[in-house]
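Below you'll find the structure, written out as structure tokens, and then a few comments.
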Amino acid sequence: MTDHDTGTADRDAFFVDGRWHAPATTESTEVLEAATGAVLGRAALASTPDVDSAVAAARTALDGPWGRMTGAERAAVMRRLAAVLTSRARETAALVSRENGMPRSLSIGANGFAPPLMLDYYAGLAEGLDDEDLRSGMLARVSVRRGPVGVVAAVTPWNYPQALAAMKIAPALAAGCTVVLKPAPETALDAYAWADAAAEAGLPAGVLNILPGGREAGAHLVAHPVVDKVAFTGSTAAGRAIGETCGRLLRPVTLELGGKSAALLAEDADLNAFLAALPEVSLANNGQTCHACTRILAPRGRYDEIVDAVTDTVRALPVGDPLDKATRIGPLVSAAQRDRVLGLVGAGRAAGARLTTGGGVPAGRDRGWFVEPTVVAGVDNDSLLAREEIFGPVLCVLPYDDEDDAVRIANDSEYGLGGTVWTTDPGRGAAIADRIRSGTVGVNHYALDVLGPFGGVKASGLGRELGPEGLAAYVALKSVYLPPESR
Ligand code: NAD
């Protein structure tokens, strides 16, 4: 039996209040295999009454035993959940690869082992949340209490569905919040890994509720009067709409949105080191990565050399089935996403962009949603392909004159999420990184680490996930002013 034969069962119920909840309507979606277009399974989609039930369950759980547990007790539950997710990590990772085309080698970490790792990390922080924090103030003794923000609406996209859910669920549970997770329809099936694990780990009813749904269900959830905090990852357009809603409601919101990050190659960059890292840094998940460095900034004197080397590297990347170990570039998530990417490349070409490799559908890959890895030269930073978040395997190589010019180009983007600097002088690399207006920058690599706060500036979003800062977003601070100690 191959991985393709393991067929996933349809999912016709939501996980609400610790039970399988029958949908209020018959609305559903077919989840398709990105590499073949075959139906992987059918999943129910939530409508507004389903969202209402999930939010009510989350509220009851918050006001019930979960809200009264100590941080250490919550940590024990989180570790049980992590253990169950770990036991199924490879299976879950493979399912995501089939849904969204992510090469399995990446999915095993991102969708398999990262979620339990995050649960374990935040379980450790949960244990410290109840520590006494008593401050001798000028007018009072101030006892600082750390409670949960409340019911969390978590809305996630299809590109790293498990990791992005974990970045919200793990700190939320650690803080004592309860969660309603609305995953994207494209990856509705893998979301049930959380539901199955929650049931097996004995998570108290209503602490984690899962219901895949479309935009309307998401909008209803985000604006629901009983929700206390919103955590969203996805497109900048949806993020703006959600931010507007939360602004009107004065509701705390974390937004992880799009990007168009730069890989800045200094004159002294080790080109081979960059080329070796290029698949991860610039084309991870077939380009369906918000922090991908899709603009490669090359010193003008080395421009042709760098265009040629990047072209050779990209052309040689094995394109294929994401479940195949050798594959570096898999298909895109959907026909719509493939058509959008090909449309943007076509528009860029019509406007004068020179494609040095790629630009079409790879030979023999007309089943599934494949796009050839593509390199664009002869454009400047004002061009369509250098400005739009393409979300596919398309890289632009842009020339710069000197370091100031390179930093100016790197910063000349509506986004500011990732970035890398390549130089043989790490001190210089860190100094250039400081000048880049972005939430995260790597020097000679890019490693999104659970300890490092992750998020963007400008149109890349608001707030941070991961690290202790990621927990702070779910913690409600309260100062209790105790009377001064009697003398
Ligand atoms: P999207 O932002 O529309 O959807 C992401 C999630 O938000 C899904 O669960 C969706 O159902 C939900 N959603 C959409 N609109 C909503 C709203 N108004 N209120 C509440 N929930 C809402 O992303 P998409 O349509 O899947 O992809 C479109 C483009 O977004 C891509 O081409 C890509 O450029 C970008 N994108 C970025 C990321 C990222 O991580 N930054 C992830 C996915 C997509």
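None of the figures in this text is laboratory data; all of them are computed from the coordinates on show. Note that the structure is predicted; figures quoted are calculated from it, not measured. Neighbour counts run over all protein chains shown; Cβ positions are idealised from the backbone, glycine included.
Just a few scattered comments:
- Rounded to whole numbers, the Karplus 3J(HN,Hα) couplings from phi for the stretch 91-107 are 5, 5, 4, 5, 4, 4, 4, 5, 6, 10, x, 5, x, 4, 4, 7, 5 Hz, using 6.51 cos²θ - 1.76 cosθ + 1.60 with θ = phi - 60°, and x at Gly and Pro.
- Expected 222 nm ellipticity per residue - DSSP helices of 4 or more, -39500 (n - 2.57), all of the chain, to 500: -11500 deg cm²/dmol
- The length gained by stretching the chain between Glu200 and Ala72 to full extension, at 0.36 nm per residue less their Cα-Cα distance, is 44.1 nm.
- For Ala476, the amide hydrogen comes within under 5 Å of the amide hydrogens of Gly147, Val149, counting only partners 5 or more places away or on other chains and with H modelled in the peptide plane.
- Contact order, relative form, for the stretch 203-271: 28 percent (alpha carbon pairs under 8 Å, 6 or more residues apart, mean separation divided by residue count).
- Coarse-grained scattering of the stretch 29-133 at q = 0.12, 0.18, 0.20, 0.23 Å⁻¹, given as base-10 log I(q)/I(0) from a Debye sum over alpha-carbon atoms: -0.63, -1.03, -1.06, -1.09
- Förster radius 35 Å - calculated FRET efficiency between Asp304 and Arg240 (Cβ-Cβ, nearest 0.05): 0.30
- Computed from backbone phi, the HN-Hα couplings of the stretch 306-315 come to 6, 4, 4, 5, 5, 4, 4, 4, 5, 4 Hz, rounded to whole numbers (Karplus: 6.51 cos²θ - 1.76 cosθ + 1.60, θ = phi - 60°; Gly and Pro given as x).
- Distant-in-sequence amide H partners of Leu395 (H built 1.01 Å from N, under 5 Å): Thr374, Val375, Val376
- Neighbour counts of C-beta atoms inside 10 Å place Ser479, Ser107, Ser53, Ser28 in the sequence Ser479, Ser28, Ser53, Ser107, starting with the fewest.
- Asp382-Glu30 FRET efficiency (beta carbon distance; Förster radius 41 Å; 0.05 resolution): 0.50
- For the chain, the Cα-based Rg and Dmax, in that order, read 23.1, 85 Å.
- Computed FRET value (nearest 0.05) for Ala351 with Asp63, which takes r as the C-beta separation and R₀ as 41 Å: 0.10
- Evaluated at q = 0.18, 0.20 Å⁻¹: base-10 log I(q)/I(0), Debye formula over Cα of the stretch 15-84: -0.87, -0.93
- Cα-derived Rg to Rh of the stretch 182-248, Kirkwood definition: 1.01
- Rounded Å value of the spacing that divides the Cα centres of the stretch 212-283 and the stretch 370-403: 20 Å
- Taking the average, over residues, of other Cβ atoms within 10 Å as the packing measure, peptides 357-367, 61-71 rank 61-71, 357-367 from highest down.
- Take 279-287, 447-455 and order them by the average number of nearby Cβ atoms within 10 Å per residue, most first; the result is 279-287, 447-455.
- Sum of side-chain charges, Ser479 neighbourhood, beta-carbon under 13 Å (Lys, Arg +1; Asp, Glu -1): +4
- Neighbours of Pro49 by Cβ distance under 15 Å: Lys/Arg scored +1, Asp/Glu scored -1, total -4.
- Globularity ratio of the stretch 242-316, using Cα Rg and 2.2 N^0.38 Å: 1.53
- Cα point-scatterer Debye curve for the stretch 119-200, base-10 log of I(q)/I(0) at q = 0.14, 0.17, 0.21 Å⁻¹: -0.57, -0.74, -0.98
- Mean-position separation - Cα centroids, the stretch 450-485 and the stretch 49-109, in angstrom: 21 Å
- Peptides 319-329, 383-393, 414-424 ranked from most to least packed, by the mean per-residue count of other Cβ atoms within 10 Å: 414-424, 383-393, 319-329.
- Simple label model, 7 Å out from Cα along Cβ direction - Glu469 to Asp405, nm: 3.3 nm
- Cα pair distances of the stretch 354-487 binned at 5 Å [whole percent]: 2, 8, 12, 15, 15, 14, 10, 8, 5, 3, 2, 2, 1, 1, 1, 0, 0
- Projected-area average for the stretch 365-423 over all orientations - Cα convex hull basis, square nanometres: 5.4 nm²
- For the stretch 262-449, alpha-carbon Rg relative to the globular expectation (2.2 N^0.38 Å, N residues): 0.97
- Each Cα pair under 8 Å and six or more residues apart adds its sequence gap; the mean of these over the residue count of the chain is a relative contact order of 18 percent.
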